[in-house]
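What follows is a short report on a single structure.
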């Protein structure tokens, strides 16, 4: 019954706030009538009371002056916390913040990545196109497909069950291109999670070489193993590991390439996880930034001479991005920034050799990544 209450109230609130041609009384009555027909009579009374109170309050509300208080204006009209509105406007400016908020408040397309070990993008698109809407190839990732409104949950489709694709945003797919894994290499995937990027790496390696996927959470590693089996990948081994307490002896080797997909605020993927905006604070950015710095320093120890380390986060915050790298380079003189191979895609990706995407202009999640090379 609680779920029905929420549905009736949300329908009414949407009409009150967004549908200007519908009077408040009509919006209230519509939801109440639906409640009477579908649920118990007492629920209709509850819906009526909540919506009438909300309607009365909304009619008294006046928006803050956009010039006098742009922070509060953005916070209220775009539904983001005031602290985040202030931070983004100071960091990006009002126009960019406005565009970012519009982007994260839209329902995103579903994006998948072709499993190149089993099929190709054109074949996969032909298999799924009859059951989805607005299908198209991703612009920058050569293996991505995006679409809307699948007829059944995509994890229940035959194509998914056969391991023909992974569900992954275009920006996340491009991180593997920055790592640029090759056949026969030894690669360490730190904070591998459920294995999204692990699968990408193995496919780029043609399933030849070795990948050690580590995570502090053993349940995630169990899922990762299942995912690799679904994708037909055999070169991945797993190890439960807290990188902050680890050293190269734990892995018995140094690696050609290391990916650190560090834990972060996730403020670059708010359109896919909208509730996260209300669960984070400015203190979370500071706290996670400190952890990320420590992880970077530890991850560097696992890279062999001449090898590369890729640091990546799904956040556009400078404290989790450039500031961490500048700190790292001051501490580790044996590393330097290596030019990433995505520069040819356009200047919108490369800022001082940092890979950055924003959800407002590229129709993908907000990501940051940098490729670092260990010098002799």
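The values are calculated or read from the model by the stated rules, or taken from the named source; none is laboratory data. Note that the coordinates shown come from a computational prediction; the quantities given were computed from them, not determined experimentally. Cβ: placed from backbone, ideal geometry, glycine included. Neighbour counts: every protein chain shown.
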Failed condition for residue 136, given (1) touching a strand residue (DSSP E or B) at 6+ places or on another chain (Cβ under 9 Å); (2) touching a residue at least 24 places away in the same chain (Cβ under 8 Å); (3) outside any helix (DSSP H, G or I): (2)
Of all residues making up the range 139-181, the number that are touching a residue at least 60 places away in the same chain (Cβ under 8 Å), under 19 Å from residue 272 (Cα atoms) and either touching a helix residue (DSSP H, G or I) at 6+ places or on another chain (Cβ under 7 Å) or assigned to a loop (DSSP other than H, G, I, E, B) (or both): 5
Residue identified as closer than 21 Å to residue 6 by Cα and either free of Cβ contacts under 8 Å to residues at least 24 places away in the same chain or out of contact with any strand residue (DSSP E or B) (no Cβ under 6 Å at 6 or more places or on another chain) (or both) among 42, 69: 42
Boolean, residue 259 is buried (at least 16 other Cβ atoms within 10 Å of the Cβ) and either out of contact with any helix residue (DSSP H, G or I) (no Cβ under 6 Å at 6 or more places or on another chain) or outside the structural domain of residue 305 (by TED's automatic domain parsing) (or both): no
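Results for (1) at pLDDT below 80; (2) farther than 20 Å from residue 139 by Cα, shown as yes or no for each residue.
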| position | (1), (2) |
| --- | --- |
| 318 | no, yes |
| 325 | no, yes |
| 340 | yes, no |
| 346 | yes, no |
| 351 | yes, no |
| 359 | no, no |
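Condition check ((1) surrounded by fewer than 19 Cβ atoms within 10 Å (Cβ to Cβ); (2) within 30 Å of residue 320 (Cα to Cα)) across all residues:
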position	(1), (2)
24	yes, no
27	no, no
38	yes, no
47	no, no
86	yes, yes
91	yes, yes
94	yes, yes
102	yes, yes
105	yes, yes
Test for residue 271: is it surrounded by fewer than 17 Cβ atoms within 10 Å (Cβ to Cβ), in contact with a helix residue (DSSP H, G or I) (Cβ under 7 Å, 6 or more places away or on another chain) and under 28 Å from residue 90 (Cα atoms): no
Residues satisfying the stated conditions in the range 237-256, i.e. more than 23 Å from residue 372 (Cβ to Cβ) and either crowded, with 22+ Cβ neighbours inside 10 Å or in contact with a helix residue (DSSP H, G or I) (Cβ under 7 Å, 6 or more places away or on another chain) (or both): 238, 240
Where residue 145 falls short, out of the listed (1) more than 21 Å from residue 262 (Cβ to Cβ); (2) more than 21 Å from the chain's Cα centre (by Cα); (3) crowded, with 20+ Cβ neighbours inside 10 Å: (2)
Candidate set: the range 218-239, residues that are out of contact with any strand residue (DSSP E or B) (no Cβ under 8 Å at 6 or more places or on another chain) and in a loop (DSSP other than H, G, I, E, B); chosen: the one farthest from residue 185 (Cα to Cα): 232
